[in-house]
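What follows draws every value from the coordinates through simple rules; no lab data is involved. This structure is a prediction, so every number in the text was calculated from the model and none was measured. Don't worry about glycine lacking a Cβ; one is built from the backbone with ideal geometry, like all the others, and counts go over all protein chains shown.
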Amino acid sequence: MSSPFELTPAPDDPADLGRWALAELRPELEAWLDANGGLGEDVDAGSVVDVLAACVGAVLATRDGAAPVATGFTAAEVDDLKDRILPELAAAMTAELDDDAVGAAVAAEIEDDLALVWWHYLRYLAESGRWTGTEAELDAVLARLEPAEPELHQALAEAAVEVERVVEDTATTGSFPMVAARVLLARVGEGIDVPAEEDLTPEQVAEVLEDVEDRLPVLADDPAADGEPRRAEDVPWLRQVLLDLVDLDVLQLDAAGTRLTPGRRAALLDGPDDESRALRRSLVGRFVLQDPDSLDGGFAVSEAVVPTMLAAAAHGRPFGDDDLEHLVERVAQLGPLADAAADEVRDRLADLAVFGIVSAESPWTVEPGYLPAIATAAEELAGDVDELQEVLGAMPAEFDEGMVDAVADRLGLADDQRQQIKDILGEQ
């Protein structure tokens with residue numbers, strides 16, 4: 001059966017031309033935008049397609065009689081779209097604003113929004129198999145329209161602004177790191193002696209575990225110790241909280257490293273003022289973003305990946321399993337180690353789910369009350385995350401047996417897995 005679009009002449013008006021060209025795609029496109037376009041609750045996919053149609057029609061009108069096909073575009077057409085068509089449309093939409101400065105600012109925002117709509121449209125064409133241009137053209141036009149990613153801490157800060165103070169306080173004051181911090185402060189009292197080579201004595205660790213028994217999480221990286229006292233380094237969450245309290249001056253070690261006492265900010269931990277709230281944000285946020293596996297140096301892939309996942313979730317675009325795989329491949333080009341790295345991230349997310357911070361299943365969402373703390377820690381740790389991503393991105397060129405061993409140790413791979421990876425790399 002022939003398509004009615006082959007029999008109906010295309011309209012002359014660009015907006016009508018765009019609507020005509022998108023008519024066959026419209027139902028599927030609207031459904032795709034609802035599922036993948038990151039639209040706000042008050043944004044209707046149909047309205048987005050109406051705006052897109054005006055842009056599409058303006059591009060198709062430049063083709064000098066060529067068939068008005070809206071499923072393939074050249075880099076030159078997208079350049080014209082960005083440089084001329086979108087600014088003209090944005091200017092027309094803000095023409096009635098009296099204040100020129102306000103009009104220019106609003107027009108710039110509209111241009112960005114229209115470019116984002118186009119980027120989503122091109123993604124839809126690619127993912128639905130409807131793209132009719134070449135692969136090279138698709139890569140070129142996507143690259144020209146791909147939105148610039150804000151700094152992670154900025155993206156998180158934008159989402160955190162929307163969180164009500166009472167929601168934040170409820171989450172952070174009752175969070176597990178705060179529970180553990182209060183127990184540690186109470187156990188330290190006016191001061192306790194600790195071993196020169198340990199964070200706490202095994203007896204002190206046992207006492208802390210007993211004090212938090214009702215809130216003691218069961219984590220993949222915190223195995224049972226058959227009732228025997230453990231060192232702090234054998235209890236990752238405990239050591240993580242302890243080291244952060246020292247770093248934040250809630251606790252302090254003497255010069256010899258054998259006497260632990262309250263620090264200058266100890267009294268602030270449960271205070272009602274903004275300074276106390278800022279301290280809680282730092283403690284809780286670091287607890288979320290830092291991986292206990294990296295406390296003694298080295299790296300954890302989760303520290304490079306989880307902040308991005310949380311930022312996406314905070315903006316209504318939670319990552320699923322496939323998204324995680326793609327993110328790990330992009331941030332940490334680990335070749336045959338990529339699957340193990342993704343599993344490491346899943347383990348960390350599973351731990352955060354035990355603490356009630358993220359959802360237990362993918363797509364992974366984040367509890368809103370934690371966002372201000374996560375945003376604070378993301379800003380404090382921004383340099384560390386950037387450096388980690390650079391190191392991971394450079395790893396393929398540096399792989400040798402020593403690098404494989406280091407990464408395999410961090411990921412907890414067995415000897416047979418380690419050797420298999422070396423064999424694979426040796427064949428490349």
| Computed over the Cα atoms of region 112-222, what is the convex hull's projected area averaged over all directions, in nm²? | 13.8 nm²
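Report the FRET efficiency, 1/(1 + (r/R0)^6), for residue 26 and residue 142, where r is their Cβ-Cβ distance and R0 is 25 Å, rounded to 0.05.
Numbers: r = 22 Å, r/R0 = 0.87.
So, using R0 = 25 Å, E works out to roughly 0.70.
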| In nm, to one decimal, how far is the residue 215 label point from the residue 192 one, both placed 7 Å along Cα→Cβ? | 1.6 nm
| message | I need the peptides 352-361, 23-32 ranked by packing, meaning the mean over residues of other C-beta atoms within 10 angstrom, with the highest value on top. | response | 352-361, 23-32
| said: Once you place label points 7 Å from the Cα toward the Cβ at residue 112 and residue 182, how far apart are they in nm? | reply: 4.1 nm
| remark: Distribution output for region 234-276: share of Cα-Cα pairs per 5 Å bin in percent, first bin at 0, values 6, 21, 25, 23, 15, 7, 2, 0
| field | Pairwise FRET efficiency - residue 154 versus residue 264, Cβ, R0 = 35 Å, nearest 0.05 | value | 0.70
| remark: Rounded to the nearest 0.05, FRET efficiency between residue 346 and residue 127 (Cβ-Cβ, R0 25 Å) equals 0.55
| remark: Two pseudo-spin positions, 7 Å from Cα along C-beta at residue 315 and at residue 164, lie apart in nanometres by 2.6 nm
| query | What are the ³J(HN,Hα) values, in whole Hz, obtained from phi via the Karplus relation 6.51 cos²θ - 1.76 cosθ + 1.60 with θ = phi - 60°, for each residue of region 371-379 in sequence order, with x given for Gly and Pro? | reply | 4, x, 5, 5, 5, 4, 5, 4, 5
